[in-house]
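K.L.:
Below: one structure in structure tokens.
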Amino acid sequence: MKEFVTKSEEQTLAAAAELAKSLKAGDVILYRGEMGAGKTAFTKGVARYLEVDDEVTSPTFALVHEYGGRIPLFHFDLYRISGYDDLYSVGFFDYLDRGGIIAAEWSENIEGLESELGANGAVIKINIEKISENERRITITGGVFGD
């Protein structure tokens, strides 16, 4: 387990870059955290490390944004996904075989999702707790950070 306490978006981006150094194709990042906690900001930091040129934005209405970089990044928003039928209909599991990294916000909405993943790579769980307007507690488990 690794824990960061960040006091700005720039510090959150730096924490994400530290995680991103260990990522490889097939890894899945599962985010938990309230609205506005910094899940998309963390993904921006991962994307920056992966040398993504596009602006990273929340995939709330698109459900998934695809970004090219040294390793493709597939950024999902599972907020409006209510179960495995929805996951299959948006092609979530197809992305596992595309040689990229999945970053999935609101993973807690799909019961048992973590146990369905990990055949192709590590499952990294990130909990982001909003302490104050700018301060966040980021807890990372899985992958090189252990459980």
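K.L.:
Along the positive direction of the dipole of the range 51-147 (beta-carbon charges: Lys, Arg +1; Asp, Glu -1; about the Cα centre), which of Asn134, Pro59, Gly83 reaches farthest?
P.N.:
Asn134
K.L.:
Could you work out the per residue convex hull volume over the alpha carbons of the chain, in cubic angstrom?
P.N.:
98 Å³
K.L.:
May I pose another question? Quick one: of the DSSP bridges fully inside the range 65-139, what percent are antiparallel, nearest 5?
P.N.:
60 percent
K.L.:
Is the shape of the range 1-62 rounded, prolate or oblate, going by the alpha carbon gyration tensor and its root eigenvalues a ≥ b ≥ c, with a/c under 1.5 for rounded and a/b larger than b/c for prolate?
P.N.:
rounded
K.L.:
Could you pull the accessible area for Glu114 with a 1.4 Å probe, rounded to 10 Å²?
P.N.:
The accessible area comes out at roughly 90 Å².
K.L.:
When the chain is treated as a GNM, springs tying every alpha-carbon pair under 10 Å, which of Ile102, Ile29, Ile110 comes out with the largest mean-square fluctuation?
P.N.:
Ile110
K.L.:
So between Arg137 and Ala25, what do we pick up on full extension, going 0.36 nm a residue minus the alpha carbon distance?
P.N.:
Here the answer is 37.7 nm.
K.L.:
Next question. Residues with beta-carbon under 15 Å from that of Met35, excluding Met35: net charge, scoring Lys, Arg +1 and Asp, Glu -1?
P.N.:
Neighbourhood net charge equals -1.
K.L.:
While we're looking at this one, here's another question. What accessible surface, in Å², does a 1.4 Å probe find on Met1, ignoring ligands, DNA and RNA and rounding to the nearest 10?
P.N.:
130 Å²
K.L.:
To continue, here is another question. Could you pull out every residue, at least 5 positions away or on a different chain, whose amide H is within less than 5 Å of the one on Ile29? Hs are placed 1.01 Å off N in the peptide plane, and Pro or chain starts have none.
P.N.:
For Ile29, whose amide H was placed from the backbone, the distant partners under 5 Å are Ile102, Ala103, Ala104, Ile124.
K.L.:
Tell me, what % of the accessible area of the chain is carbon and sulfur with a 1.4 angstrom probe?
P.N.:
About 45 percent, which is the carbon plus sulfur part of the accessible surface.
K.L.:
Here's something else I'd like to know. What angle do you read, to the nearest 10 degrees and between 0 and 90, between the alpha-carbon axis of helix 39-49 and the longest principal axis of the chain?
P.N.:
90 degrees
The values are calculated or read from the model by the stated rules, or taken from the named source; none is laboratory data. All figures in this text were calculated on a predicted structure; none of them were measured in a lab. Using ideal geometry, Cβ is built from the backbone for each residue, glycine included, and neighbour counts are taken over all protein chains shown. Heavy atoms of the whole protein, side chains included, go into the accessibility calculation; ligands, DNA and RNA do not. Shrake-Rupley method; radii C 1.70, N 1.55, O 1.52, S 1.80 Å.
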